[in-house]
Amino acid sequence: MPCHHLRDCIISAYATGMKRLVIGTRGSKLARTQTEWVADRLRKAHKTLAIEIKVVRTTGDRDQSTPLPAIGSKGLFTQELDQELLDGKIDCAVHSMKDLPTDLPDGITILAVPDREQPHDALISREGLRFLELPRGATVGTGSIRRRAQLRCIRDDLEYADIRGNVDTRITKLTHGDYQAIILAAAGLRRLGLEEQITEMFEPSVVLPAVGQGALAITGRKGDKTTRDTLRPIGDLNTRRSVTSERAFLSVLGGGCHVPIAAHARVTGRQLQLEGLVIAPDGTARVRDRITGPAKDAAMLGVQLGERLLKLGAGSILQSLNQT
């Protein structure tokens with residue numbers, strides 16, 4: 001609601017201790033849309049806060065042709081924004097949570113996690129065909145080893161080809177006939193207003209999402225209480241606990257965002273259920289399990305599930321991947 005009196009606006013400004021906030025973002029349409037969404041929510045929470053958005057080009061943005069695993073996953077879409085934070089040029093940065101390394105640089109932390117969009121993977125096909133309806137030998141574009149491995153378990157008669165570029169570029173490649181279908185995160189399509197393009201949504205029971213998929217992470221400098229307090233009104237506790245559990249799971253397994261590891265956590269009441277998967281790139285070997293416990297113990301549950309999967313054979317799958 002708007003401030004009806006000058007006194008209310010002054011109180012709002014002093015409550016955060018901040019009059020101007022500089023937010024860093026990547027330059028893609030999706031990244032800028034997500035950052036504007038965050039900025040809009042902050043403007044509603046703090047009526048007198050002036051917000052500046054600064055676009056920073058990252059390593060992953062500069063190279064749009066090399067497959068992501070070949071570039072190296074650590075900090076691919078984050079390291080330049082991290083440096084801007086450490087240099088004091090921005091106050092915080094908005095990331096897709098699934099792009100964020102599990103080990104953040106010294107001095108950087110997650111200050112806020114807003115409520116999560118749908119975590120599902122989505123199929124867009126050129127002729128409106130669902131996944132099981134695609135003809136044998138159809139080319140499916142995806143830059144994700146995780147997606148490819150799980151889909152091969154369902155249909156190994158399709159051709160899975162790498163695809164790079166932003167959402168619009170990928171859809172253009174589809175319409176130009178480079179692929180008969182592509183797989184994208186439903187969250188990005190929804191945020192861009194492209195939900196009507198989706199042919200089919202994959203339930204997590206069919207294709208388990210990437211760690212943090214659908215969630216945003218707002219990073220900042222450790223010890224920056226002013227920025228943390230400014231961001232606090234847009235944080236969501238259940239989403240934070242869910243992604244904390246998923247990231248703890250990933251950390252135990254030692255994987256980045258471009259390895260065939262998947263996880264999805266849900267909070268219901270005071271309970272959190274986490275499901276995790278490690279799968280060989282060709283889909284021939286996989287380990288999958290779930291754990292349930294108090295939501296307040298989110299990180300511990302992630303660690304426990306990760307250790308359980310290692311005992312069930314996940315380590316050998318990941319080791320074989322590192323040797324290829």
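For the range 22-47, filtered to residues that are at pLDDT 95 or above and over 22 Å from G193 (Cα atoms), the residue that is farthest from the chain's Cα centre (by Cα) is H46. Has the range 226-244 got at least one residue that is surrounded by 18 or more Cβ atoms within 10 Å (Cβ to Cβ), assigned to a strand (DSSP E or B) and either out of contact with any Phe, Trp or Tyr (no Cβ under 9 Å at 6 or more places or on another chain) or in the same structural domain as H46 (by TED's automatic domain parsing) (or both)? Scanning the range 226-244, I find no residue that is surrounded by 18 or more Cβ atoms within 10 Å (Cβ to Cβ), assigned to a strand (DSSP E or B) and either out of contact with any Phe, Trp or Tyr (no Cβ under 9 Å at 6 or more places or on another chain) or in the same structural domain as H46 (by TED's automatic domain parsing) (or both), so the answer is no.
Does any residue of the range 293-300 turn out to be over 21 Å from T102 (Cα atoms) and in contact (Cβ under 8 Å) with a residue 12 or more places away in the chain? Checked the range 293-300: at least one residue is over 21 Å from T102 (Cα atoms) and in contact (Cβ under 8 Å) with a residue 12 or more places away in the chain.
Taking the range 269-312 as the search range and keeping residues that are surrounded by fewer than 14 Cβ atoms within 10 Å (Cβ to Cβ) and at pLDDT below 95, which one is nearest to R148 (Cα to Cα)? Within the range 269-312, the match that is nearest to R148 (Cα to Cα) is D282.
The values are calculated or read from the model by the stated rules, or taken from the named source; none is laboratory data. The model shown is predicted, which means the values in this text are computed figures rather than measured ones. When we count neighbours, we look across all protein chains shown, and the Cβ atoms used for this are built from the backbone with ideal geometry, even at glycine.
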